[in-house]
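Notes follow once the structure below has been shown.
Just so you know, all these numbers are worked out from the coordinates, no wet-lab data involved. Everything numeric in this text was worked out from a predicted model, so none of it was measured. Neighbour counts run over all protein chains shown; Cβ positions are idealised from the backbone, glycine included.
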Amino acid sequence: MAVTKLKNYIDGEWVESESTEIGNITCSATGEMIAEVPYSTAKEVDQAVNAAQEAFEAWRTTPPLARARYFFRLKDAFEENFEDISKTLTTELGKAIDEARGEVRRMIENVEHCTGVTTMQCGYTIEDIARGIDCAGHRQPLGVFACIPPYNFPAMVPWWFLPYAVVTGNTYLVKPSEQVPMTQTKIFEVIDDVGFPNGVINMVHGSKDVVNGILDNPNIQGVSFVGSTPTAKYIYKRCGETGKRVQSLGGAKNIVAVMPDANLEASMPSLITSFFGCAGQRCLSGSILVPVGDNADDFINKYVERVKAMKIGDPLNEDVDMGPVVSEEHKKKVLGYIEKGIEEGAELILDGRNCQVEGYPDGYYVGPTIFDHVTPDMTIAKDEIFGPVVSIVRVKTLDEAIELANSRGFANAACIYTQDGGAVRKFKYNVKPSMIGINIGIAAPMSFFPFGGAGESFFGDIKGHGQEIFQFFTDTKVLIERWF
Ligand code: NAD
């Protein structure tokens, strides 16, 4: 495959970065080099923000329906490029092709949802708040917003935010993850074809310097961040210091409780994809599997058998269930956690350390791995591993399962499998995580519901997409009027 050096997209033009610092992008399945990404400079961030600031006045005065029409066109253009975007995503990240398609579908759903702007940006008004005095609230855009996404959903995550910011009249800057910059570049080629006015949507590639350039730029009104918890905390703090709006989504350690009365056969497919989808690199991955009750052996045996039947291979092949992880470095990190689990006394019942895929000796493969008899204080039950590693913590009661979910610090998502409505009510009412699956695995809210967790998994108040996101990108200006 030819190696291309990726460009920034500033003020409607593809611009080569002046930076001499370059990152190598490889295909996760083969290890082959496929692109170079510039680690752009803070100056290039400022150029993009200046372009976005210049475009703001004309864009905010464009009627909301006219703004929405760009997104109707964008939706059609995304549909035309659907396979191309999905394949790029799978090549650089390694998630199975059908899963990549699911991600691109979720991205497009945000474009669809944002076109409800003429309802969602409406303010409100009431007459006679006092005799002869009326009051109205108008939702106004604020200026330039920016997104800093993680590597594991390179297509979708920026689109939890961008469409809502732009359709409400703001202008935008995306800094894709430097680990997987090709997908968003492909997406920006589509944006370029659709022909948004220059400067409305911009992209600058890079790493920490670009992030700090965003945080330091006084013209950026707000930041949407998604990534690991330490970075999420840093972004949240810096935005507080510099007076920017912020929504900062962090890491996770999600538990999946399986009650003795669960319908195992019907539950098995989502139990498998929850833990092994995207090779465990989802903020909504199951991480701790919690069989509840005294007779867990039967369930665990069935689960292990089904996991063993998964097909690991080239994620571009339609029949492959799980591909590699994102990089050699990340593979080492996951393998390190497996060693730690063994060291701390967990029982390794399925070992994915020496996963060989024929024809792909240099791919970043880690096989499905399962530990039994994990205790809540072990590192593998506390840290986010972000790989295809299941930690089974056996508990006797539902209360213990709830306690386990509530003691992880992270509180992104949780799931329960049962036929008992009372158990479901108790679980959903008492667990801290704020995305809950019932007999469905760790499920992702669709674009018209909010996405985000609690505790160490989320810093801020307004989450990704949903109805509330229209508030994040607008200021309610209140008008109190009296006429003599
Ligand atoms: P990361 O925190 O390493 O990077 C995320 C972004 O922050 C990247 O764009 C990166 O360039 C930037 N960044 C990294 N370190 C930085 C630093 N020190 N200073 C400034 N910027 C920095 O996260 P990742 O490894 O790319 O993504 C995986 C993480 O994202 C996991 O923890 C996962 O749970 C989390 N995630 C959370 C959600 C959610 O909805 N809560 C969704 C997807 C991923």
Query raised in the report: So what's the gap between the Cα centers of segment 408-425 and segment 280-303, to the nearest angstrom?
Result: 13 Å
Query raised in the report: What is the extension gain from residue 397 to residue 66, computed as 0.36 nm multiplied by their sequence separation minus the C-alpha to C-alpha distance, in nm to one decimal?
Result: 113.6 nm
Query raised in the report: What shape does segment 41-83 have by the C-alpha gyration tensor, where a ≥ b ≥ c are the square roots of the eigenvalues, rounded means a/c under 1.5, and otherwise prolate means a/b greater than b/c and oblate the rest?
Result: oblate
Query raised in the report: Which angle between 0 and 90 degrees, to the nearest 10, do you get for helix 264-276 versus the longest principal axis of the chain when only C-alpha atoms count?
Result: 60 degrees
Query raised in the report: Shape of segment 255-438 from its Cα gyration tensor (a ≥ b ≥ c, root eigenvalues): rounded if a/c is under 1.5, otherwise prolate when a/b > b/c, or oblate?
Result: prolate
**Report entry** Net charge over other residues, Cβ less than 13 angstrom from the Cβ of residue 248 (K, R count +1; D, E count -1)
**Finding:** +4
Requested in this report: Considering the options 445, 421, 357, tell which one lies farthest towards the positive end of the dipole of the chain, charges being +1 on Lys and Arg and -1 on Asp and Glu at the Cβ, about the Cα centre.
Outcome: 421
**Report entry** Sparsely packed GluC sites (Glu not before Pro) within segment 1-76, loop by DSSP, other Cβ within 10 Å at most 15
**Finding:** 16, 18, 21, 32
Query raised in the report: Which net charge results when you count Lys and Arg as +1 and Asp and Glu as -1 among the other residues whose beta-carbon is under 13 Å from that of residue 436?
Result: +4
**Report entry** Straight-distance crosslink candidates among aspartates and glutamates, where the alpha carbon sits under 15 Å from residue 244 and sequence neighbours closer than 8 are dropped
**Finding:** 216, 461, 475
Report summary line: Over 23 Å (Cα to Cα) among 253/333; 75/311; 95/333; 5/87; 208/253; 233/382 -> 75/311; 208/253
Requested in this report: Report, to the nearest 10°, how far helix 229-242 tilts away from the longest principal axis of the Cα atoms in the chain, using its own Cα long axis and a range of 0 to 90°.
Outcome: 20 degrees
Requested in this report: Compute the FRET efficiency between residue 356 and residue 18 as 1/(1 + (r/R0)^6), taking r as their Cβ-Cβ distance and R0 = 60 Å, and round to the nearest 0.05.
Outcome: 0.90
Query - R0 of 41 Å, Cβ-Cβ distance residue 478-residue 43: FRET efficiency to nearest 0.05 - result: 0.60
Query raised in the report: In nanometres, what is the gap between the two model label sites at residue 302 and residue 140, each 7 Å from Cα along Cα-to-Cβ?
Result: 6.1 nm
Report task. For residue 133, put the label point 7 Å out on the Cα→Cβ axis and report which residues of segment 462-484 keep their amide N under 17 Å from it. Result -> 478-484
Requested in this report: Calculate the dipole size of segment 347-395 relative to its Cα centre from +1 charges on Lys and Arg beta carbons and -1 charges on Asp and Glu beta carbons; express the result in debye to the nearest 20.
Outcome: 100 debye
Report task. Using only the Cα atoms of segment 290-396, build the gyration tensor, take square roots of its eigenvalues as a ≥ b ≥ c, and label the shape rounded, prolate or oblate: rounded if a/c is under 1.5, else prolate if a/b is larger than b/c, else oblate. Result -> oblate
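Can you compute the charge dipole magnitude of segment 255-438 about its Cα centre, using +1 on each Lys and Arg Cβ and -1 on each Asp and Glu Cβ, nothing else charged? Give it in debye, rounded to the nearest 20. Walk me through the intermediate numbers first.
Values: 18 positive and 27 negative charges, 123 e Å.
Magnitude of the dipole: close to 580 debye.
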Query raised in the report: Distance from the Cα centre of segment 469-484 to that of segment 110-177, in angstrom?
Result: 14 Å
Report summary line: So, over other residues within a Cβ distance under 9 Å of residue 462, counting Lys, Arg +1 and Asp, Glu -1, the net charge is 0
**Report entry** Alpha-carbon Rg with Dmax, taken over the chain, Å
**Finding:** 23.3, 84
Requested in this report: Give me the angle, in degrees from 0 to 90, between the Cα long axis of helix 82-93 and the longest principal axis of the Cα atoms of the chain, rounded to the nearest 10.
Outcome: 60 degrees
Report task. May I ask you to derive the relative contact order of segment 10-101, considering only C-alpha pairs under 8 Å and at least 6 residues apart, and to give it as an integer percent? Result -> 27 percent
Query - Net dipole in debye of segment 47-101 [+1 Lys, Arg Cβ; -1 Asp, Glu Cβ; about Cα centre; nearest 20] - result: 280 debye
